[in-house]
Amino acid sequence: MLKLSEVKSILREYNIHPSKRLGQNFLIDQNIKNKIIGSIRVSEEDTVLEIGPGFGALTEDLAKKAKRLVAIEKDRRLYDFLVENLSCSNIKLINGDILQYDLSNFASCRTATCEVGQVIVGNLPYSISSPILNHLINNRTCIKSAYVTVQMEFGERVSAFPGTKDYGSLSCYAQFYGVPKILFKIPRGAFYPVPEVDSCFLKIDFGKEIDASIDQAVLFKIIRSSFEKRRKTILNSLSSSDIFKSKEEALKCLEKSHISPGRRPETVSLTEFITLSRSKQLDTCDIV
Ligand code: SAM
């Protein structure tokens with residue numbers, strides 16, 4: 001991995017000013033790099049897809065663990081640097097935007113239950129962590145797991161449990177489709193330029209079966225409405241949304257789901273939201 005002085009001298013040589021828009025904070029801490037590489041579970045048959053390789057802090061070490069590595073870098077100047085400097089034969093470099101790629105193109109196996117698969121890795125550009133998470137979820141059937149560096153606060157929200165201040169729509173969304181877990185904290189000083197916040201290394205497993213009988217549109221409408229006003233009770237939040245025809249209908253659905261109407265939304269688990277969405281879905285709460 002490049003040392004700070006080397007990163008600075010390459011930036012000068014290639015006339016690159018790290019772009020905030022592209023989230024260009026480059027990893028310069030060897031211990032953190034070792035920790036990242038050591039925590040990623042990849043079999044020799046897997047494909048690794050690296051998002052935003054930058055100067056390749058992780059790229060060659062990742063390529064050594066996998067059958068092949070595809071790295072997508074949006075910045076042409078960094079892509080050119082990588083083409084000139086990376087030496088592993090199983091690396092495919094692409095100059096492009098990760099959000100524009102159908103991730104199944106790179107997967108060797110298209111089902112989540114398959115032993116061989118695609119592992120996503122990246123120190124993510126922070127400004128697009130949410131769209132990237134969305135993109136991964138939309139392509140989850142061809143992803144075994146994702147290992148990503150994200151802002152600490154984002155990682156905490158993704159992996160939060162009910163009853164905590166970080167628990168909300170994002171937690172429910174991520175945990176419905178995957179199993180997220182923060183592996184460790186990364187202090188801001190591990191990057192150059194130093195970002196304004198600390199980060200964490202987040203793992204999300206995507207092997208989970210999704211129950212096809214759940215109406216996901218209804219479920220996420222209920223979840224979003226519930227968390228819109230966190231201080232309200234779940235009954236009041238749902239009553240002021242357009243999901244239920246009336247407060248009475250919302251109350252009936254909550255009762256059928258065994259959720260006390262006076263509870264705060266942040267205490268309601270994903271399983272309870274699913275039960276609530278089923279009772280709405282089945283239309284068993286109509287007031288006659
Ligand atoms: N992996 C490198 C490291 O750890 O030093 C760089 C990480 S830096 C936080 C994020 C990288 O993602 C930058 O190289 C940036 O140019 C690249 N990037 C930003 N937006 C991207 C996008 N939409 N698609 C692919 N790469 C992107």
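Bear in mind these aren't lab numbers, they're just calculated from the coordinates by the rules spelled out. Just so you know, these numbers come straight off a predicted model, no measurement behind them. All Cβ positions, glycine included, derive from the backbone under ideal geometry; neighbour counts span all protein chains shown.
Considering only region 228-257, how many residues are outside any loop (DSSP other than H, G, I, E, B) and either closer than 18 Å to Glu272 by Cβ or of a type in the set (Asp, Glu) (or both)? Give the derivation first.
Within region 228-257, the subset outside any loop (DSSP other than H, G, I, E, B) is 228, 234-239, 247-256.
Right, trim to either closer than 18 Å to Glu272 by Cβ or of a type in the set (Asp, Glu) (or both) and you get 228, 234-239, 248-256.
The total comes to 16.
Of the residues Thr164, Thr149, which is among the polar types (S, T, N, Q) and outside any strand (DSSP E or B)?
On the way: Thr149 fails: outside any strand (DSSP E or B).
So the residue among Thr164, Thr149 that is among the polar types (S, T, N, Q) and outside any strand (DSSP E or B) is Thr164.
Which number in (1) crowded, with 16+ Cβ neighbours inside 10 Å; (2) out of contact with any helix residue (DSSP H, G or I) (no Cβ under 6 Å at 6 or more places or on another chain); (3) within 22 Å of Gln216 (Cα to Cα) marks the one condition that Tyr167 misses?
(2)
If Asn134 satisfies all but one of (1) surrounded by fewer than 22 Cβ atoms within 10 Å (Cβ to Cβ); (2) touching a residue at least 12 places away in the same chain (Cβ under 8 Å), what's the number of the condition it fails?
The failed condition is (2).
Which condition number in (1) more than 30 Å from Met1 (Cβ to Cβ); (2) surrounded by fewer than 18 Cβ atoms within 10 Å (Cβ to Cβ) is the one that Leu219 fails?
Unmet for Leu219, out of (1) more than 30 Å from Met1 (Cβ to Cβ); (2) surrounded by fewer than 18 Cβ atoms within 10 Å (Cβ to Cβ): (2).
Given the options Ile72, Ile28, name the one that is closer than 21 Å to Ala146 by Cβ, touching a residue at least 24 places away in the same chain (Cβ under 8 Å) and among the hydrophobic types (A, V, I, L, M, F, W, C).
On the way: Ile28 fails: closer than 21 Å to Ala146 by Cβ.
Going through Ile72, Ile28 in turn, just one is closer than 21 Å to Ala146 by Cβ, touching a residue at least 24 places away in the same chain (Cβ under 8 Å) and among the hydrophobic types (A, V, I, L, M, F, W, C): Ile72.
Taking the options Leu58, Leu2, name whichever one is out of contact with any Phe, Trp or Tyr (no Cβ under 6 Å at 6 or more places or on another chain) and in contact (Cβ under 8 Å) with a residue 40 or more places away in the chain.
Numbers: Leu2 fails: out of contact with any Phe, Trp or Tyr (no Cβ under 6 Å at 6 or more places or on another chain).
Selected residue: Leu58, the only one of Leu58, Leu2 that is out of contact with any Phe, Trp or Tyr (no Cβ under 6 Å at 6 or more places or on another chain) and in contact (Cβ under 8 Å) with a residue 40 or more places away in the chain.
Here's the yes/no breakdown for (1) crowded, with 17+ Cβ neighbours inside 10 Å; (2) within 25 Å of Glu209 (Cβ to Cβ); (3) within 12 Å of the ligand (Cβ to nearest atom):
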residue	(1), (2), (3)
Glu13	no, no, no
Asn34	no, no, no
Gly38	no, no, no
Pro53	yes, no, yes
Lys64	no, no, no
Leu78	yes, no, yes
Phe106	yes, yes, no
